[in-house]
Every structure is written in C-alpha cells, then in structure tokens.
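Single-structure report; data block below.
The values are calculated or read from the model by the stated rules, or taken from the named source; none is laboratory data. All of these numbers come straight from a predicted model, not from anything done at the bench. Positions of Cβ are generated from backbone atoms using ideal geometry, with glycine treated the same way; all protein chains shown enter the neighbour counts. With ligands, DNA and RNA removed, areas are computed over all heavy atoms of the protein, side chains included. Shrake-Rupley method; radii C 1.70, N 1.55, O 1.52, S 1.80 Å.
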Amino acid sequence: QVQLVESGGGLVQPGGSLKLSCAASGFIFNIYSMAWYRQAPGKQRELVATITSGSITNYVDSVKGRFTISRDNTKNTVYLQMNSLKPEDTAVYYCNANHQFDTTMRPVNFWGQGTQVTVSS
C-alpha cells in the first residue's frame, strides 16, 4: 500500500529550527516529484516547497532562505529543514508525491496525514 508518513513536527520558539521527515513506501519513490504543503487553521493549503526527481527545488517566497527541501532516494525519504522559524510558520505540514505517467492523463498524487508545527513563545 502507498504510504507517506511525516514526522519531526513539534513546538519551537521563534528563531528556532525543526527538520521534518517524510518516509515513503508502496511506490517507485525516485521517479516522483515531492513537495511539502502547509495549512493553518481556517486557511487554504499552501505549497511550501517542491523537489523534482532530478532534485530541482522551488520555494514559496515567504520561506526562501530559511527552508530547505531535500530527498534521499536510498531511504525513500524527503526532508524539510526549517530554520529561523516564525509564528506565521505555524501549520500542519503535509508531504505530497506526484508523478505524471502520460502527459494526456491526470498526474498521480499521494498525500501524508500531516505533522503539526507550532512556533510560539
């Protein structure tokens, strides 16, 4: 079965750091693009960072210079290193896997269940 399991969330003070992990299983990890999304209470889910199968990365402007997405294909795991955390980073963070087998078809998408990140004094 396909599974994405996030871990590493928790409570941290402003300016602190956390590293999230997403362990993947049940699909061919290395051919999928991976992403981190986040959703704060009452707000839309927001794309935070992406990394392609070739390890090309992109970030939403609000986290550039602070967050780093990476992947380890030998461990079927994607990471999100979060530094200089701000209260506005508080959200549930979700792992996502995406692959389009055929350009005429809808891409395949898998989601994790999320991990809570709270940035507060």
Counting only residues in the range 56-78 that are of a type in the set (A, V, I, L, M) and surrounded by fewer than 18 Cβ atoms within 10 Å (Cβ to Cβ), the one nearest to residue 18 (Cα to Cα) is identified as 60
Can you list residue pairs whose Cβ atoms sit under 9 Å apart, with the first residue in the range 21-34 being farther than 13 Å from residue 100 by Cα and the second being acidic (Asp, Glu)? Count only pairs 6 or more apart in sequence or on different chains. 21/6; 22/6; 23/6
Pairs with Cβ under 8 Å, 6+ apart, first in the range 63-80 and over 16 Å from residue 95 (Cβ atoms), second among the hydrophobic types (A, V, I, L, M, F, W, C) and open to solvent by less than 70 Å² (accessible area, probe 1.4 Å): 66/82; 66/85
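Hey, any hits in the range 91-105 for a residue that's assigned to a loop (DSSP other than H, G, I, E, B) and modelled with pLDDT of 95 or more?
No: zero hits.
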Just checking, which of 83, 30, 96 is under 14 Å from the mean Cα position of the chain (by Cα) and either at negative phi or surrounded by 15 or more Cβ atoms within 10 Å (Cβ to Cβ) (or both)? 96
